[in-house]
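Trainee: Dropping a structure here in structure tokens format, bear with me for questions.
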Amino acid sequence: MKRYSRIIAAFIGGWLVAMLTAGTPYAGDILRVVGPGTLVQLQTPWGMRAAFAPFWESWQLVDAIFFDRVRIDHNKMIRGAIDGMLATLNDKYTFYQEPDKAAQTSDDMAGRTAGIGIFLRITDGHAFVWKPIPNAPAIKNGILHNDEILQVDTFVVTELIAGKTVDDAATTLGAIIRGKKDTIVTLVVQTAEQQPRTVVIVRADFILPSVEWQRLPRNIGYIHISEFKHNTPDVLAEGMRAFAQEPVNAIILDLRHNPGGLLDSAQRILGYFYSGTALWEERQAGSLIELPTTQMNLGIPLVTVPLYILVDERSASASEVVAGALRDCYPGTIVVGHQTFGKGIVQNIYPLSNGGTIRLTISQWLTPNKLHIHGVGLLPDYVVPDDPNAAANTFCVADRVPRTGESLCSDPQLATVLGLIP
């Protein structure tokens, strides 16, 4: 131990002598630099200490000497350093999340959270209710689609989110709207040109909707999955059980606008349709690992009826896993819509000591038939554009609403599928 103490003392002494005798008029300032950063540097593994030295030297110089003290924000410095490091990987799917955003992401992926139950839309420095969640406190208290949120408790929203990016504004606002069950939040909202109104809401636990199902005419089962959350397969189990007890003639699986989600959720969803390979993962050094479908032993028989899948350019990641696997492994599957996004890589989320997380790309995936889709996407069997001006001649599903005065919706992709079903 004494030997290592002498080595450390010699290291610090040598560094100080070098800095104090440097040919610069500011060499004396180095006496103000020695502090916690130096001690942290000594915890850096020996093999990386020389590489990290310039970083800690820069940090200590800024922290001790920079003239405008108000502009020094340690949290921003840390985030900037992490962001810069991850940016060198040139992978837009690898990034750092601050603690507030990381907590919200965790709640979203769990599929259950506490709060008032709204999705936010940030436009030109203003915040609006994009969509209230069914059966959650907000909609029960009269909060409406497109209501502008003017104030949350004592926070004026436009001041709170001024100068922030859309994502940062939504994170900041979401953090103060969410809260523990049975606590109270007060919103001032405004509907169109009406006078602002104050709404007092008691927060509650609620399920974040990610799946819905219904029975269409001709005894066709329709399933819409908006995202693959942790509880998505469990929620879907009720619909699959209903389709099994009163058998349907075909199933339409709607994955349009689905950005993906949890890979294990996709494996569990596939387990309703077949037992076998869900996908292949290609990790470091090109090694391939087979990932199977997951059967949940819920007493629900495997689907056997004809299957039709709807996709579009926003169907990505886990939704592409499901569509690709079913086309490869479920006999007779027909895919209709637009070529998918093409996200064929896998990320894992790693927690950090400050409550933040790093989302890191760990592999790329292939369909069961070993088809690469990254940057390419899946090409449907029937390519059908989603023309908003098409005639309103089919059922309204998911978030589709009829035009004023009409009862049917414009949905050429769904109409194509319905025309393919005998």
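Trainee: Does at least one position in segment 203-223 carry a residue that is at pLDDT below 95, hydroxyl-bearing (Ser, Thr, Tyr), more than 18 Å from LEU307 (Cβ to Cβ) and under 23 Å from the mean Cα position of the chain (by Cα)?
Mentor: yes
Trainee: Scan segment 43-71 for residues that are in a loop (DSSP other than H, G, I, E, B) and surrounded by 12 or more Cβ atoms within 10 Å (Cβ to Cβ) and jot them down. Spell out the reasoning first.
Mentor: Just the residues of segment 43-71 that are in a loop (DSSP other than H, G, I, E, B), to begin with: 43-45, 66-68.
Result: THR44, single match.
Trainee: Moving to a separate point now. Determine if segment 157-166 includes at least one residue that is over 30 Å from ASN249 (Cα atoms), over 26 Å from the mean Cα position of the chain (by Cα) and among the β-branched types (Val, Ile, Thr).
Mentor: Going through segment 157-166, the residues over 30 Å from ASN249 (Cα atoms) turn out to be 157-166.
Next, only the ones that are over 26 Å from the mean Cα position of the chain (by Cα) stay: 159.
Going one step further and asking which of them are among the β-branched types (Val, Ile, Thr), we end up with none.
Scanning segment 157-166, I find no residue that is over 30 Å from ASN249 (Cα atoms), over 26 Å from the mean Cα position of the chain (by Cα) and among the β-branched types (Val, Ile, Thr), so the answer is no.
Trainee: Tell me, which residue of segment 159-182 that is among the polar types (S, T, N, Q) and surrounded by 15 or more Cβ atoms within 10 Å (Cβ to Cβ) is farthest from THR198 (Cα to Cα)?
Mentor: Checking each candidate, the answer is THR171.
Trainee: What are the pairs with Cβ atoms under 6 angstrom where one residue, in segment 234-254, is assigned by TED's automatic domain parsing to the domain that holds VAL322 and the other, located anywhere, is outside any helix (DSSP H, G or I) and polar (S, T, N, Q)? Sequence gap at least six, or different chains.
Mentor: If the second residue must be outside any helix (DSSP H, G or I) and polar (S, T, N, Q), the pairs left are VAL248/ASN219; ASN249/ASN219.
Trainee: Among the residues of segment 259-279, count how many are part of a helix (DSSP H, G or I) and β-branched (Val, Ile, Thr). Walk me through it before giving the result.
Mentor: From segment 259-279, those part of a helix (DSSP H, G or I) are 263-270; that's our starting set.
Retained after the next criterion (residues that are β-branched (Val, Ile, Thr)): 269.
Here the count works out to 1.
Let's see how each residue does on (1) closer than 17 Å to ARG268 by Cα; (2) surrounded by fewer than 24 Cβ atoms within 10 Å (Cβ to Cβ); (3) under 23 Å from the mean Cα position of the chain (by Cα):
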{"position": "GLN284", "(1), (2), (3)": "no, yes, no"}
{"position": "SER317", "(1), (2), (3)": "yes, no, yes"}
{"position": "VAL322", "(1), (2), (3)": "yes, no, yes"}
{"position": "CYS329", "(1), (2), (3)": "yes, yes, no"}
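Trainee: If you don't mind, another one. Go through (1) touching a helix residue (DSSP H, G or I) at 6+ places or on another chain (Cβ under 7 Å); (2) hydroxyl-bearing (Ser, Thr, Tyr); (3) under 14 Å from ILE252 (Cα atoms) and name the single condition THR367 misses.
Mentor: Among (1) touching a helix residue (DSSP H, G or I) at 6+ places or on another chain (Cβ under 7 Å); (2) hydroxyl-bearing (Ser, Thr, Tyr); (3) under 14 Å from ILE252 (Cα atoms), the lone unmet condition for THR367 is (3).
Trainee: Let me ask something else about it. Being of a type in the set (A, V, I, L, M) and closer than 21 Å to VAL346 by Cβ is the requirement here; does VAL248 meet it? Show your work before the answer.
Mentor: Working: of a type in the set (A, V, I, L, M): yes; closer than 21 Å to VAL346 by Cβ: no.
No; evaluated as a whole, the condition is false for this residue.
Trainee: Moving on. Only one residue in ILE118, ILE122 is assigned by TED's automatic domain parsing to the domain that holds ILE184, out of contact with any Gly (no Cβ under 6 Å at 6 or more places or on another chain) and within 14 Å of ARG178 (Cα to Cα), so which one is that?
Mentor: None of the others qualify; the one that does is ILE118.
Trainee: Then there is this: Any idea which of (1) touching a residue at least 24 places away in the same chain (Cβ under 8 Å); (2) over 22 Å from ASP168 (Cβ atoms); (3) surrounded by fewer than 14 Cβ atoms within 10 Å (Cβ to Cβ) is the one TYR93 doesn't satisfy?
Mentor: Looking at each condition in turn, TYR93 falls short on (2).
Trainee: Which of the numbered conditions does LYS164 fail, given that it passes all the others? Conditions: (1) in contact (Cβ under 8 Å) with a residue 40 or more places away in the chain; (2) among the basic types (Lys, Arg); (3) over 18 Å from PRO134 (Cα atoms).
Mentor: That leaves (1) as the condition not met.
Trainee: Take PHE119 and decide whether it is at pLDDT 95 or above and over 19 Å from GLN194 (Cβ atoms). So that I can check it myself, show each step before the final result.
Mentor: On the way: at pLDDT 95 or above: no; over 19 Å from GLN194 (Cβ atoms): yes.
When the stated conditions are applied, PHE119 does not pass them.
Trainee: ALA138 - would you say it is small (Gly, Ala, Ser), over 17 Å from the mean Cα position of the chain (by Cα) and either surrounded by fewer than 19 Cβ atoms within 10 Å (Cβ to Cβ) or part of a helix (DSSP H, G or I) (or both)?
Mentor: In short, yes.
The values are calculated or read from the model by the stated rules, or taken from the named source; none is laboratory data. This one's a predicted model, so the numbers in the text were calculated from it and none came from an experiment. Virtual Cβ from ideal backbone geometry, glycine too; neighbours counted across all protein chains shown.
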